[in-house]
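Report on one structure; see the data block that follows.
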Amino acid sequence: MSAAGNESRKRSKKRYGHHSKRWKGSRELEVGMQGILITCNMNERKCTAEAFNLLNEYADKLYGPEKLQDNNGSSSEEDEADEEDVDVALKKEVAQLQASGAKQERRFQALDSGANNVIFIRTLNLESDKLVHHILSDLHTTKKKKSRVILRMLPVTGTCKAFQDDMVKYLTTYLETWFKTPNCATYQIAFKARNSSHNKRDEIIKSIAGLVGKLNPKNKVDLTNPELTIIVEVIKAVCCVSVVKDYMLYRKYNVQEVVKEDTPKPVVTAAKTVTNAAEVKEKHNAEETNKEETKGEDDDDRNVSKDKKEVDKEEGDGE
């Protein structure tokens, strides 16, 4: 092969590689994005379809139907002229076709999360934490199952580089809204790392807890029923964070579990155990009482016999 052919082949590979990298970068989770992490058990394509249906259903209720505008920002309400010139009509139709073919930013965009069984839905012009909380609240109330493969829906309201120093620096400002004096709350930290081995769970949790304590010493850890939960999800080199309410009530934001009927707490069993213990104690006390009474009767019998002997003795002496 000639030198010119080799050079042409190298240029072709270079262009292809650059294009591929740029396309991939625009379609995957990156620092600076906001959205929703959705986990599933296999079948990511079906999970994505279910996610779009569920999110759009509730987003329409909260924010209204999504409205897409053309490049000129015009809407279909401008078509009011009955006797419009043919040329003008043709130009408008061409403009609308061009606008419909142009790339438009949607409020929900599915991106590669960087981990298996996890998809990332990027959100625009809405608050993902409020939307997810609204969905889970409705599912918890109605108990209507609206998905088959979606497991958990975790809002992402902030992202930073997934290194401990970067995380602490970012969270120092990020957490002020909820935990800085005069604000305070009971909290827990839910941390998980995927495809990342340089972050140790205990060290991250300890550093975040120390940070929350510095923001306000009145902030207290509560692992049973916290007011707020700090969610930290690390995927490769991106750290996704959010602060949510009702994390335990809504079954750790699991859409499959939240629609199940609440099982009664084992209060009856505990009460029965306590009752049994009380009964055992009462029985034991009764047995002890019986023993004491029996002992007392025996002592009385012995005393009576002793008194009788003494009386007999005195009567004998008197005779």
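The values are calculated or read from the model by the stated rules, or taken from the named source; none is laboratory data. Note that this is a predicted model, so its numbers are computed, not measured. So basically every Cβ, Gly included, is an ideal-geometry build from the backbone, and we count neighbours across all protein chains shown.
Here are the numbers:
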{"read-out": "Residue in the stretch 107-131 that is surrounded by the most Cβ atoms within 10 Å (Cβ to Cβ), counting only those that are among the β-branched types (Val, Ile, Thr) and within 14 Å of ASN56 (Cβ to Cβ)", "value": "THR123"}
{"read-out": "Subset of the stretch 132-168 (residues that are surrounded by 15 or more Cβ atoms within 10 Å (Cβ to Cβ) and of a type in the set (Asp, Glu))", "value": "ASP138"}
{"read-out": "Options VAL221, VAL241, VAL212; residue that is aliphatic (A, V, I, L, M) and within 20 Å of GLY35 (Cβ to Cβ)", "value": "VAL241"}
{"read-out": "Test for ASP129: is it modelled with pLDDT of 95 or more, under 22 Å from ILE38 (Cα atoms) and either assigned to a helix (DSSP H, G or I) or out of contact with any Asp or Glu (no Cβ under 7 Å at 6 or more places or on another chain) (or both)", "value": "yes"}
{"read-out": "Looking only at the stretch 1-57, and only at residues there that are closer than 26 Å to GLU127 by Cβ and part of a loop (DSSP other than H, G, I, E, B), the one that is modelled with the lowest pLDDT", "value": "ARG27"}
{"read-out": "Some residue of the stretch 176-185 being more than 22 Å from ASN219 (Cβ to Cβ) and surrounded by fewer than 17 Cβ atoms within 10 Å (Cβ to Cβ)", "value": "no"}
{"read-out": "Output for the stretch 234-280, where each listed residue is aliphatic (A, V, I, L, M) and modelled with pLDDT under 60", "value": "VAL267, VAL268, ALA270, ALA271, VAL274, ALA277, ALA278, VAL280"}
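Condition check ((1) at pLDDT 95 or above; (2) hydroxyl-bearing (Ser, Thr, Tyr); (3) under 19 Å from ASP246 (Cα atoms); (4) not assigned by TED's automatic domain parsing to the domain that holds ASN116) across all residues:
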residue: ASP138; (1), (2), (3), (4): yes, no, yes, no
residue: THR142; (1), (2), (3), (4): yes, yes, yes, no
residue: ARG152; (1), (2), (3), (4): yes, no, yes, no
residue: VAL156; (1), (2), (3), (4): yes, no, yes, no
residue: CYS160; (1), (2), (3), (4): yes, no, no, no
residue: TYR170; (1), (2), (3), (4): yes, yes, no, no
residue: THR186; (1), (2), (3), (4): yes, yes, yes, no
residue: ALA190; (1), (2), (3), (4): yes, no, yes, no
